[in-house]
Amino acid sequence: MQSFNDLEMNWRIESIEQAVMKGERRRLAGCNARLGVHGKEVGFPLLRVTIGGISGYGWSRISREDAQALIGSSVRDMFSAEQWIEERFHAIQFPLLDWLGQVRQQPIYELLSGSKAASALRVPCYDTSLYFDDLHLSSHEDAVRLLQEEAMQGYDEGFRGFKIKVGRGAMHMDLMEGTKRDIAIVNGIRDAVGPECNISIDANNGYNLNLTKHVLSETAQSKLLWIEEAFHEDDRLYRNLKEWLAEKQLKVLITDGEGLAAKPIVEWAEQGLIDAIQYDLKDYGIVNWLKLSKRLARSGVKAAPHNYGGFYGNYASAQAYPAIEGFMFVEWDEAQIPGIDTSGYSIQDGLITVPSAPGFGLHIDAAYYEGLVRSAGWRV
C-alpha cells in the first residue's frame, strides 16, 4: 500500500498542455510483414501537467476536451494507495508519475519499487531496429550483408540483444524466397554478433504454424531467445507449436500480445502456451503492468512490454523495469528528439544505465516545449 500523506491534499491540477515532439531515428526503418516503410521520423504527444506550481512531463494521448475535464482535480482524487493512480487519471499517468518524482525528488524506479538503489540502476535491453531494409536487393547474400552491418551498428552502440523482423514472404516477397531470406538473415546476424548476444525474431503475424516450424528448424543453429507474433494468437496452434518445440528440444520462447491481442491471451499464457506477454508499455500503462505482472508471475509467465515507434517508451520502460515482475528486456528504438535531453541514459554491454534524477530523468527544454504548445499544441 502506497502512502501519499506527504502531499498537500489541497493541491489541484492548474494546467495541462500538450505538444507533439518530433525527431529522427539514426536510420530509416523499412517494412515489416504487414506494413510498409516505417520511415526515419518519430514523434509522440508530450503532456505537461502542473500541480502546486510543480510540473511533470510524460507521454499521453488524452484529448483537449478530456484534459479540460480534469482541471481543478485535487491530489486527493488522483492518487490511490491501492494502485498508485486512480482509473479516471490513467490517461495522464506518465506526467503524474513524473510530477510525483519531482515532488519527492526520486527517480521513478525508486518511487515504484519503494526502495533506494545502492548503486546505479542498469537494466537489460535489445535493439529493435532490424527491419526489412533489404527489399531493394535481389541477392540474398547482399541482403544478409546489409542486415549484418545494421546489427553491428547496434553492437557498436552497446547493444547485446537484437530483435529481427521476419515474414518477408507474407506480403513483400514471394513466399518461399522471402522465407529463405528470413532464414539467411537470422543466421547471418548470429554469425556477425557472435554467440553471446540474445537474438529474437518477430513475424508480425506473417507466418502460419508450418512456416514457423520451418523457420525455427532452419535457424536452430542461431539459438533464438524468442519468436514474437508468429501468427495471430490461437490456443490450438500455440499448443501444437509448444509440443513441437519440446519434441525438437528447441528452447525458443513464445511471446505475443502486442496490438489487437486476443482477449484470452493472459489465460493462455497461464496455461503454459505463451511464455511472455507483450502489451504495449504506454497504451496499457505502467499502472496496469504493475498489476498484471504480479498475476503473470504466479504462473511463471514473463513480461516483455512492447515499445516501438515510441521514443518515450525507451526511458519509461527502463524506469519501470525493477517494479514490473518478470520484466525480461527493454525494447529500445533509438532516436533523438530536439528539446529532450536524454544524456542521463547510456547503453553499454547490453545494459541501460538509468539516471537517478527525479522523475523519468528526461530534461525537457521548457522554452522549446512552450513554443511548440503555442504554435501547434494546446493548453487548458
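Laboratory data are not the source of any read-out in this text; all were calculated from the coordinates shown. Just so you know, these numbers come straight off a predicted model, no measurement behind them. Neighbour counts run over all protein chains shown; Cβ positions are idealised from the backbone, glycine included.
A simple rule links phi to the HN-Hα coupling: the Karplus curve 6.51 cos²θ - 1.76 cosθ + 1.60 with θ = phi - 60°, which for the range 32-45 gives 10, 5, 10, 10, x, 4, 7, x, 9, 6, 10, x, 7, x Hz, with x for Gly and Pro.
Here the dipole of the chain is about 420 debye; that uses its Cα centre as origin and unit charges on the Cβ of Lys and Arg (positive) and Asp and Glu (negative). In degrees between 0 and 90, to the nearest 10, how far off the longest principal axis of the chain does helix 366-376 point, with axes built from Cα atoms? So the inclination is approximately 80 degrees. The distance separating the Cα centre of the range 178-208 from that of the range 219-293 comes to 18 Å.
A cut-off of 5 Å between modelled amide H atoms, ignoring neighbours fewer than 5 places along the same chain, links Ile274 with Ala269. Projected label points at Lys248 and Met152, each 7 Å from Cα along the beta carbon direction, are separated by 2.9 nanometres. Subtracting the Cα-Cα distance of Leu35 and Val380 from 0.36 nm times their residue separation leaves 120.6 nm of extension gain. Could you tell me whether the chain comes out rounded, prolate or oblate from its Cα gyration tensor? Rule is a ≥ b ≥ c as square roots of the eigenvalues, rounded for a/c under 1.5, then prolate if a/b exceeds b/c, otherwise oblate. Prolate, since a/c reaches 1.5 and a/b exceeds b/c. Annotation: amide H of Ser15 within the under-5 Å range of Thr50, sequence separation 5 or more or interchain, hydrogens built in the peptide plane.
By the helix-only formula, in which each DSSP H run with n ≥ 4 contributes -39500 (n - 2.57) and the sum is divided by residues, the chain has a 222 nm mean residue ellipticity of -10000 deg cm²/dmol. The label point for Asn5 and the one for Asp191, both projected 7 Å from the Cα toward the Cβ, are 6.5 nm apart. Based on the alpha-carbon gyration tensor of the range 218-259 and its eigenvalue square roots a ≥ b ≥ c, which shape applies: rounded if a/c is under 1.5, prolate if not and a/b is larger than b/c, or oblate? Note, shape of the range 218-259 comes out oblate.
Using a ≥ b ≥ c from the Cα gyration tensor of the range 46-140 (square roots of the eigenvalues), is it rounded, prolate or oblate, where a/c under 1.5 gives rounded and otherwise the larger of a/b and b/c decides, a/b for prolate? Note, shape of the range 46-140 comes out oblate. The slack in the chain from Glu177 to Leu209, taken as 0.36 nm per residue of separation less the alpha-carbon distance, amounts to 9.7 nm.
For the chain, the longest principal axis of the C-alpha atoms and the axis of helix 235-248 are separated by about 60°. Among the listed pairs Lys180/Lys223; Lys165/Lys302; Lys22/Lys291, those whose Cα-Cα separation exceeds 23 Å are Lys22/Lys291. Against the chain, whose longest principal axis comes from its Cα atoms, helix 93-104 is set at around 50 degrees. The gain in end-to-end length when the Asp142 to Ala117 segment is fully stretched comes to 4.3 nm, 0.36 nm per residue minus the alpha carbon separation.
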